[in-house]
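Please find one structure pasted underneath; my questions will follow.
Every number here is computed from the coordinates shown, using simple stated rules; none is lab data. Treat the numbers as computed from the prediction; the structure is a model and nothing was measured. Glycine also receives a Cβ, built like all others from the backbone with ideal geometry; neighbour counts cover every protein chain displayed.
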């Protein structure tokens, strides 16, 4: 993930997000650029939390919201699926939560990109 600048029509920076260039192009076709200064998550980011709303908005911005919800829906019925639903519906999402880490990995993410996703989420 990279720090992406979203541009106004006149080329000035309207907003900055953490995303891949592919997601930036999907969300803001032709109106973005990779920022010269990149975001480096600090080690303490592993201990942050965000609200469910912030987390879901971050997943939406990253193009992963539907995939995350589909992964939970595709789980076989039973206690594990119900536990996953409870974790996903929790008011607060914590970076070190084993369920969220496993779901992120299932979506193709890395620990570093999960840190970046949480860093993005807390700004929303």
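Which pairs turn up if I take residues in region 85-100 that are under 17 Å from residue 73 (Cβ atoms) and look for partners that are not in a helix (DSSP H, G or I) with beta carbon separation below 7 Å, at least 6 apart in sequence or on another chain?
So the pair list comes out as 87/97; 100/93.
Right, something else. Considering (1) in contact with a helix residue (DSSP H, G or I) (Cβ under 7 Å, 6 or more places away or on another chain); (2) free of Cβ contacts under 8 Å to residues at least 12 places away in the same chain, say which one residue 82 fails and leave the rest.
Every condition holds for residue 82 apart from (1).
I would also like to ask the following. For region 50-124, which fully contained helices (runs of 4 or more DSSP H) count at least 1 residues that are touching a strand residue (DSSP E or B) at 6+ places or on another chain (Cβ under 7 Å)?
So the answer is 52-61, 98-106, 111-121.
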